[in-house]
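Undergrad: Take a look at the following structure, please.
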Amino acid sequence: MKISGLGALVSGGASGLGEATVRALAGRGAIVTVLDRDASRARALADEISSGASYVSGDVGDPEAVLRAVEQASASAVLRINVNCAGIGWAQRTTGRHGEPHDLDAFKTVVSVNLVGTFNVMRLAAAAISKTEPLDDGERGVVINTASVAAFEGQTGQIAYSASKAGIVGMTLPAARDLSAAGIRVNTIAPGVMDTPLLGLLPEENRQALGQGVLFPRRLGKAQEFAELVIAIVENRYLNGETIRLDGGLRMPPR
């Protein structure tokens with residue numbers, strides 16, 4: 001699809017991979033709506049971009065908030081692009097050093113935000129996109145979800161995070177099959193170690209060590225590189241039902 005003039009909804013769009021995606025889509029002429037819990041950051045980003053950009057404050061697991069974002073995105077332009085970047089992390093082993101079990105509420109929260117939240121936005125955005133007029137070749141839009149290499153090589157203590165991201169990978173093909181009748185493509189990006197605000201909390205030596213595990217280029221990934229892949233997926237009409245690793249050849253060790 002040609003991006004210019006299209007409506008786009010980006011969840012988790014106020015920072016990190018989501019922010020880079022918002023900037024890249026807006027740079028190509030899309031009218032972008034940012035959905036994020038951080039209202040101040042979302043507002044500031046939308047104000048900076050201008051050119052029709054807007055924001056909705058809300059949680060991806062809240063159907064009413066997501067519906068507001070979908071309606072706003074649809075009112076601004078023909079909604080054809082949905083990119084889901086919202087997510088949280090958690091580190092805890094299935095059992096601890098003294099045999100204590102993993103916190104069940106923490107596990108539920110991670111799965112709820114990362115997996116259920118992604119599905120919630122996808123289902124509501126896809127429903128709106130399915131009602132639009134198709135383009136010349138029958139395509140109506142594209143959904144791009146965000147998983148992680150942890151979906152394939154979860155490290156020690158990543159059981160909740162890995163399970164949530166593996167669920168996103170598992171949704172990709174059935175969602176693409178479900179939505180094919182409406183002319184909507186579905187793909188997933190599985191990033192490796194990316195230089196995002198989350199990793200920015202680590203000491204510099206730890207961040208550098210993470211980058212050294214990458215085959216080439218031996219560094220952390222850049223949010224802009226994630227956004228560039230989003231653009232490529234949107235523009236390539238034959239790319240569908242795929243999970244694409246963006247990791248520089250990284251394969252995560254057990255710890």
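Undergrad: Please specify each residue of the stretch 183-209 satisfying the condition of being part of a helix (DSSP H, G or I) and free of Cβ contacts under 8 Å to residues at least 12 places away in the same chain. Break it down into steps so the answer makes sense when it comes.
TA: In the first step, residues of the stretch 183-209 are kept if they are part of a helix (DSSP H, G or I); the result is 199-201, 204-209.
Once the filter is applied, which keeps residues that are part of a helix (DSSP H, G or I) and free of Cβ contacts under 8 Å to residues at least 12 places away in the same chain, the stretch 183-209 yields GLY200, LEU201, GLU204, GLU205, ASN206, GLN208, ALA209.
Undergrad: Take the residues in the stretch 1-49 that are in a strand (DSSP E or B) and not small (Gly, Ala, Ser); name whichever of them is farthest from the chain's Cα centre (by Cα). Spell out how you get there, then give the answer.
TA: In the first step, residues of the stretch 1-49 are kept if they are in a strand (DSSP E or B); the result is 7-11, 31-36.
Still in the list and also not small (Gly, Ala, Ser): 9-10, 31-36.
On the way: LEU9: 11, VAL10: 8, ILE31: 18, VAL32: 15, THR33: 14, VAL34: 12, LEU35: 12, ASP36: 12 Å.
Among those that are in a strand (DSSP E or B) and not small (Gly, Ala, Ser), it is ILE31.
Undergrad: Do we have any residue at all in the stretch 161-182 that's out of contact with any strand residue (DSSP E or B) (no Cβ under 7 Å at 6 or more places or on another chain) and part of a strand (DSSP E or B)?
TA: Taking every residue of the stretch 161-182 in turn, none turns out to be out of contact with any strand residue (DSSP E or B) (no Cβ under 7 Å at 6 or more places or on another chain) and part of a strand (DSSP E or B).
Undergrad: Here is a follow-up. Within the stretch 100-123, take every residue that is within 23 Å of ARG23 (Cβ to Cβ) and of a type in the set (A, V, I, L, M) and give me the one that is surrounded by the most Cβ atoms within 10 Å (Cβ to Cβ).
TA: Per the stated criteria, the residue is VAL121.
Undergrad: I've got another one for you. Out of GLY89, GLY52, GLY58, report the one residue that is buried (at least 20 other Cβ atoms within 10 Å of the Cβ) and either small (Gly, Ala, Ser) or over 18 Å from the mean Cα position of the chain (by Cα) (or both). Working first, answer last.
TA: Details: GLY89 fails: buried (at least 20 other Cβ atoms within 10 Å of the Cβ); GLY52 fails: buried (at least 20 other Cβ atoms within 10 Å of the Cβ).
Just a single option satisfies the conditions, and that option is GLY58.
Undergrad: Pairs needed: first member in the stretch 21-38, more than 14 Å from GLU235 (Cβ to Cβ) and touching a residue at least 60 places away in the same chain (Cβ under 8 Å); second member anywhere, buried (at least 23 other Cβ atoms within 10 Å of the Cβ) and among the hydroxyl-bearing types (Ser, Thr, Tyr); C-beta distance under 6 Å; at least 6 residues apart or different chains.
TA: LEU35/SER11
Undergrad: Which of (1) surrounded by fewer than 18 Cβ atoms within 10 Å (Cβ to Cβ); (2) outside any helix (DSSP H, G or I) does ARG245 not meet, given it meets every other one?
TA: (1)
Undergrad: Would you confirm, using the coordinates I've provided, whether ALA150 is in a helix (DSSP H, G or I) and touching a Phe, Trp or Tyr at 6+ places or on another chain (Cβ under 6 Å)?
TA: Criteria met by ALA150.
Undergrad: Then there is this: Looking only at the stretch 1-20, count every residue that is in contact with a Gly (Cβ under 7 Å, 6 or more places away or on another chain) and on the phi > 0 side of the Ramachandran plot and tell me the total.
TA: Qualifying residue count, the stretch 1-20: 2.
Undergrad: Here is a follow-up. Consider the stretch 1-20. How many of its residues are touching a residue at least 40 places away in the same chain (Cβ under 8 Å) and within 24 Å of LYS131 (Cβ to Cβ)? Show your work before the answer.
TA: Just the residues of the stretch 1-20 that are touching a residue at least 40 places away in the same chain (Cβ under 8 Å), to begin with: 1-3, 5-20.
If we keep only those that are within 24 Å of LYS131 (Cβ to Cβ) too, we end up with 1-3, 5-11, 13.
Summing the residues that are touching a residue at least 40 places away in the same chain (Cβ under 8 Å) and within 24 Å of LYS131 (Cβ to Cβ) in the stretch 1-20 gives 11.
Undergrad: Next question, about the same structure. Got a sec? Which of SER50, SER4, SER76, SER11 is polar (S, T, N, Q) and farther than 24 Å from GLU139 by Cβ? Break it down stepwise before answering.
TA: Working: SER4 fails: farther than 24 Å from GLU139 by Cβ; SER76 fails: farther than 24 Å from GLU139 by Cβ; SER11 fails: farther than 24 Å from GLU139 by Cβ.
Of SER50, SER4, SER76, SER11, the one residue that is polar (S, T, N, Q) and farther than 24 Å from GLU139 by Cβ is SER50.
Undergrad: Give all pairs with beta carbons closer than 6 Å in which a residue from the stretch 109-137 that is in contact (Cβ under 8 Å) with a residue 12 or more places away in the chain meets a residue that is surrounded by fewer than 21 Cβ atoms within 10 Å (Cβ to Cβ) and polar (S, T, N, Q); count only pairs at least 6 apart in sequence or on separate chains.
TA: Filtered contacts from the stretch 109-137: ALA128/SER74.
Undergrad: Within the stretch 71-86, which residues are of a type in the set (S, T, N, Q), in a helix (DSSP H, G or I) and either touching a residue at least 40 places away in the same chain (Cβ under 8 Å) or surrounded by fewer than 16 Cβ atoms within 10 Å (Cβ to Cβ) (or both)?
TA: Passing the criteria: SER74, SER76.
Undergrad: Report every pair of residues separated by at least 6 positions or lying on different chains whose Cβ atoms are under 7 Å apart, first residue within the stretch 88-99 and assigned to a loop (DSSP other than H, G, I, E, B), second surrounded by fewer than 12 Cβ atoms within 10 Å (Cβ to Cβ).
TA: ARG93/THR156
Undergrad: Of the numbered conditions (1) farther than 23 Å from VAL186 by Cα; (2) surrounded by 18 or more Cβ atoms within 10 Å (Cβ to Cβ); (3) of a type in the set (Lys, Arg), ARG97 fails exactly one; give the number of that condition.
TA: All conditions are met except number (2).
Undergrad: Right, here's the next one. Checking LEU173 against (1) surrounded by 18 or more Cβ atoms within 10 Å (Cβ to Cβ); (2) at pLDDT 95 or above; (3) of a type in the set (A, V, I, L, M, F, W, C), which test does it fail?
TA: Looking at each condition in turn, LEU173 falls short on (1).
The values are calculated or read from the model by the stated rules, or taken from the named source; none is laboratory data. This is a predicted model, so every value here is computed, not measured. Don't worry about glycine lacking a Cβ; one is built from the backbone with ideal geometry, like all the others, and counts go over all protein chains shown.
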